[in-house]
Structure formats: structure tokens, C-alpha cells
1. Pick from B:214, B:250, B:88: which residue has the top mean-square fluctuation in a GNM of chain B where Cα pairs under 10 Å get a spring?
2. Hey, any idea what the orientation-averaged projected area of the convex hull of the protein assembly as shown's Cα atoms comes to, in nm²?
3. Report, as an integer, the average count of C-beta atoms from other chains found within 10 Å of each Cβ along B:239-248.
4. Give the peptides B:19-26, A:48-55, B:145-152 in descending order of average Cβ contacts within 10 Å, highest first.
5. Could you work out how far helix B:45-54 tilts from the main Cα principal axis of chain B, as a 0 to 90 degree angle to the nearest 10?
6. What FRET efficiency, computed as 1/(1 + (r/R0)^6) with R0 = 60 Å and r the Cβ-Cβ distance, is obtained for residue A:254 and residue A:183, rounded to the nearest 0.05?
7. Please compute the contact order of chain A in relative form: average sequence separation of alpha-carbon pairs under 8 Å and at least six residues apart, divided by the residue count, as a percent.
8. Given the options B:90, B:171, B:139, which has the most mean-square fluctuation in a GNM of chain B, springs set between C-alpha atoms less than 10 angstrom apart?
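Any read-out appearing in this document is the output of simple, stated calculations on the displayed coordinates, not a laboratory observation. These figures come from a predicted structure and were not determined experimentally. Here the Cβ is made from the backbone with ideal geometry for all residues, glycine too, and neighbour counts use every protein chain on show.
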């Protein structure tokens, strides 16, 4: 085998896309991504992996400590804590994902419309954003819950309204900058429609920024939703949810079983830390691209 | 002066919009205002007529809103349906608890955040690495999880602090508020430490610092007069914004420690559908938030005259 053949072989062996992406994430980023993947897989496979039915009470296991049968003991009703933790990521993660999806879509649409139209439209959108910024985010969620009643829909609505202005502000300023660049003028001269230019040219160029912004907002959304569930206003019992488990776990802890609160609290913190690390890495790459 | 007037006008707009939304929300509730005014009772036609009369539900919406706003401006937020008490009386005592908690947390945030950030900024190497890692960790742990951890370790485990309740006398109250204040402040202190570190680092690399050093001034003097003074501007801004966000954070912390403040009143009112209380608390929180932001802006202008040009 000649040297060039060996080089070719090495080139074909190298994974074409994933390897550079992983390298750019750095060791900490890879650990964070692996942690998130593991949590997602565990909760998706919870029906198979969980040792017990997460909703089945067992009086003999009520407030029991760790044992070979129940590795993390039982909660106040004797439900298996480990099984509930495995199931619990579903609501804890799907709610924030929905919030980020909605607020990113609405915020980006608003921002690009404002940046493109300029003038009065831009002024109205900017004032609207200013008013929304004047109120702390969690208050939106609590007010929405007051109107719609406790539960996930109210919280998702409220937090979507709270997160939209952050997306819109970041995207709007980037879109304003991008609008000045020659490629937009070139497309315009070619007779492309405004909507066509925004969707085909502007949006793809803003995508790295939008993704970086969404990932860093996701960490906050996980914290906010879990906190509202902890207050008893979000996810409702008997659903296994990490935020709710910290709440019921606090009660169990005063009665001598701290594992439920510690497990759920630790998992929330780990997931948020992992999301933050990823957001940080992706944001840095976005900064290097500019 | 025009700046102040413009800010005050903007503030008034935000408050009017907020109060309108807060009042209008009542009518978005499924079943309308009657649904929660009646509560769980089914209500005879006479009772319904009496309630419509009492709350003037037959007047046009705008008339009722203006009447409510007029009362609210005079501190009358109506009567709580659950407590059968004036809402303003309910708010009064609880505002003190929340204000004390926020003030205590602010002191902790400024003391810990500025000290840790300055240390990390001035001492690259191990001190910096440890502080930065701690700050990242503190930022990832949600407030309520920190609270629960502190309860489990310091209150239940070691017994250094009381678990729940308000406490007796000023010192007792302070002792009872210590864990909640630490809980409320950890995330913000970490954030402030990061900002302080970054801005100390930035100043250290500036030319005027270089110049001061080359003139042979003592390092202590350079740090105090040239680095820290200039680095303080972003720190003050962030501190102010942080205090505003503590108002929202206190809602969660009060519920962890069962403190009887505005936040726990708010959550209870939402669960019991006590709408007069919900409206009042939202309005008070938004007002406080907007006012704190205004004060922060004014302080920044005073610190950095370049801003008002």
C-alpha cells in the first residue's frame, strides 16, 4: 500500500460530518450532549427500563429508604422513586421544547417582518417588545395559569409570551444588519419577492444565531417550567415530573426520606447544566463564524 | 431632565397597559367573572342579581375598568373572596416580608458576587478556576432546587437553621430569613461574579492601567483607583437588574420556605381563584419591577456621565 492509498483510506474512514462537529463541541460539550442523549433515551424507553409502574402505590414502600428492591426508595405513597425519575423527564423536557419552538417561531417571524418592513411596523413591534420586557417572565406564566387554571397549557402559553421578546430582539438586530448586505440587494434586483428573499436567503443566514439563542433559552425554560410545577401550578399530580417530585420530595425529606427531592433536583440541575454547556459551545461557534 | 420625563411617560404607559390587561383577564376566564365570584356555589337568581349589582357587572367594561383603576390608585383593590378581607390589608403585612427578603438577598448578592468576581479577576489561576466553576454550577441549579438542598442539608441534616416559618422579633426573623435569602441570592451572586470578573479583566488590560503601572504607582493604588472604579459601572447595572428579577424569584423561594409574603399569597390566590388578590399582586409586582428598573437607569447615568450625552 502506498502512502497516498493509506491517506485515502484514512480519509474514507473518517466520519464525514459528525466527527468535526464533535471536535468543535470539545470534551465538555461531548459529555453534555451524551448526558442529554442518555436522559432522552431513558425516558423514551422508561416503559421497558423502569423496574416498577411509576403510578402504583405500595404502602410497604412508603417513605422507605434505599434498598436492593427499590434503589432510591419510595415516595410518600410508596411509589418507586427510581421509576418515577425515569418517567419524569417526559413532561420536564417536552414542555420546554414546545415553549422554545413556539417562541422561536413567533419571535423570528415578528423580528424579520419588523426588520424588513422597517418604519412604522418596526416601531410598533419594538414598542410592543419593550412593554413585554417590562414584566418579569414568570409573572406572565402565573397570570396565564390564573386565567386558564393550573396545568401545562397555561404555563406553555405564558412562558411562550415571556420568551418571545428575547428571541425577537436578538433576531431583529441581526436581521437589520444582514439586510444591508449586498446579497439581499442582489436577490432584490433579480426580482425575487420579499417573502422569497426572507425565507430562502435571510432565514438560512440567521439560522446559526437562532439555534444558538434557542438552546440557551431552553435551559431557562426547563428551570421555569420545573419551578412552576414545583409551585403546584404546572404539571399536575399524579404525573411523574421532576419539578413536582422536588415538591413532594421536600415533604418526604422532612419525614426522613430525602432521596426523592435530591434525585429530581440533581437531574434538573444536570440537564440544565448540560443544555447551558451546549448553548455556550454553539454560541461560540456562531461567534467564530461571524 | 427630558430623559427623566421620557422614562416616566414610558413607565406610565407600561402601568396602564399592565393594569388594563390584568383587569381584562377576568373576562377571559372560562365562564366569565360570575364563574369565580360565585365560586363553587350554584347560586339562586337573587344571589346572582345581588352579585351583579355589587360588582356593577351590568355597567360597560370601560366604565368598570376606570372605576377599578381609580380605586386601585387610592390603594383600594376590593375584597378578597377567600379571606373576606380588604385586599390592601392582606398585601400590607406580606409586602414587608417580601421586601425584607429581597433586601437581605441583595446584600448577600453584592457582598459575595463582587468579592468573588474581583478575586477571580485579579488572581488568574487557581482562585479564578475555582470561582468560575462554582459560578457555572450555581447558575445551572434552579432556585427551588437550591432551596430544597439547603433545607435538607443545613436545616434537617445539621439543624443550623429553622426549616419553615417567619420567626419572632427582628433577629429571629433575620435568622429565619437567612436560608431563603441565600437561596434567592446564589444564582444572581454567581452571575454578578461573572460580570465583575469580566469587567475587572477588561480594565486590567486597558492602556490607562498600563500607564499607571509604568509610572510606578503601587499595585494596590492601581487596582483601587484605576481598575475597580471603572469596572464598577457594569456591575451596578447588573446589580440593579438583578434586584428587579429577585421580585419574581421571591415567589418561588417564599413557597419553598412557607414564608408568608406576596409570592406565597399570589400562588395561593391563583389556586383558590381569588381574582381580586391576583390582580393586586400582579399590579404591585409589575410596579415594583418597573420602578426598580427606573432607579437603576438613573443610578447608571449618575455614575457614567457619558450616558446622558
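1. Checking each option, the largest mean-square fluctuation is seen for B:214.
2. If I average the Cα hull's projected area over directions, I get 39.0 nm².
3. Whole-number average of other-chain Cβ neighbours for B:239-248 is 2.
4. Result, highest mean Cβ count within 10 Å first: B:145-152, B:19-26, A:48-55.
5. Long axis of B:45-54 versus the principal axis of chain B: about 50 degrees.
6. Between residue A:254 and residue A:183 the formula returns 0.45.
7. Relative contact order for chain A comes out at 23 percent.
8. Residue with maximal mean-square fluctuation among B:90, B:171, B:139: B:171.
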